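Everything below concerns the one structure shown next.
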Amino acid sequence: KQEVTQIPAALSVPEGENLVLNCSFTDSAIYNLQWFRQDPGKGLTSLLLIQSSQREQTSGRLNASLDKSSGRSTLYIAASQPGDSATYLCAVRRETSGSRLTFGEGTQLTVNP
Amino acid sequence: DVKVTQSSRYLVKRTGEKVFLECVQDMDHENMFWYRQDPGLGLRLIYFSYDVKMKEKGDIPEGYSVSREKKERFSLILESASTNQTSMYLCASSFAGTDYGYTFGSGTRLTVV
């Protein structure tokens, strides 16, 4: 059974700091991995989608990497801002589960002014 | 801007009522999904659909049913609402191919009293 783990569960940093969020998964047979952001009481916003054949994807201050063989992904946020405060979730699409995603529990990020 | 629209942000219903949650997407996606999200339990898949009139049970289908009469619309039905169905409900959609990610709606916060 695929398990997705995100560490740490919560993170508090001062504004301007560069930070890394971690995501690990037990089954490396995946099609892709997606990072989402969720603000309190809201839905999920897609940040980055990495295909299994890719090593990384970038969007603005965000960079996501994927090491499929070791079952790991990281989300790097450069020059963090208070507006980055949210919960960040990763999800994998497994080769054996069709269209279904398996989600991690999320990392709750607080960026302090 | 592509969208997944959930008809209500907040709903309050009484125990025993039949509740309809509506979700509409404008991206011509084949797949549509209903999740619920609860603190400490993460996102759990209730039902999904990969085509019109097709549906498959997710991890927690008990007490729910779904309807997909048109490609763009996927409805979640609580046949007889109970207090343990108080939750955040999230709809998502995606293309059928393995290269695609999910797009989520903004969520419906349902309270059953």
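The values are calculated or read from the model by the stated rules, or taken from the named source; none is laboratory data. Worth saying up front: this structure is predicted, and the values here are computed from it rather than measured. Cβ placement follows ideal geometry from the backbone for every residue including glycine, while neighbour counts extend to all protein chains displayed. The accessibility values were calculated without ligands, DNA or RNA, using every heavy atom of the protein model including side chains. Shrake-Rupley method; radii C 1.70, N 1.55, O 1.52, S 1.80 Å.
Annotations
- Among the conditions (1) surrounded by 15 or more Cβ atoms within 10 Å (Cβ to Cβ); (2) touching a Phe, Trp or Tyr at 6+ places or on another chain (Cβ under 9 Å), A:N18 misses just one, which is (1).
- Scanning the range A:53-71 for residues that are open to solvent by 10 Å² or more (accessible area, probe 1.4 Å), part of a strand (DSSP E or B) and closer than 27 Å to B:N31 by Cα yields a count of 5.
- Just one of the numbered conditions (1) under 23 Å from B:M88 (Cβ atoms); (2) open to solvent by 50 Å² or more (accessible area, probe 1.4 Å); (3) more than 9 Å from chain B (Cβ to nearest Cβ) is not true of A:R100: (3).
- Those residues of the range A:56-91 which are within 22 Å of A:I30 (Cα to Cα), more than 11 Å from chain B (Cβ to nearest Cβ), touching a residue at least 40 places away in the same chain (Cβ under 8 Å) and in contact with a Leu (Cβ under 9 Å, 6 or more places away or on another chain), in sequence order: A:K68, A:R72, A:S73, A:T74, A:L75, A:Y76, A:Y88, A:C90
- Scoring A:A29 on the criteria (1) modelled with pLDDT under 95; (2) in contact with a Lys or Arg (Cβ under 6 Å, 6 or more places away or on another chain); (3) of a type in the set (A, V, I, L, M) leaves a single failure, condition (2).
- None of B:T5, B:T98 is among the polar types (S, T, N, Q), without any contact (Cβ under 8 Å) to a residue 60 or more places away in the chain, within 13 Å of chain A (Cβ to nearest Cβ) and open to solvent by 10 Å² or more (accessible area, probe 1.4 Å) except B:T98.
- Filtered residues of the range B:40-66 (kept if more than 10 Å from every other protein chain (Cβ to nearest Cβ), within 30 Å of A:Q108 (Cβ to Cβ) and open to solvent by 50 Å² or more (accessible area, probe 1.4 Å)): B:E62
So that you can scan it fast, the table gives a plain yes or no per residue for (1) closer than 30 Å to A:S52 by Cβ; (2) small (G, A, S); (3) modelled with pLDDT under 95:
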residue	(1), (2), (3)
B:V2	yes, no, yes
B:G16	no, yes, no
B:M32	yes, no, no
B:P39	no, no, yes
B:I46	yes, no, no
B:M54	yes, no, yes
B:S65	no, yes, no
B:K71	yes, no, no
B:C91	yes, no, no
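- Odd one out for A:T107 among (1) open to solvent by 30 Å² or more (accessible area, probe 1.4 Å); (2) more than 11 Å from chain B (Cβ to nearest Cβ); (3) closer than 24 Å to A:K42 by Cβ: (1)
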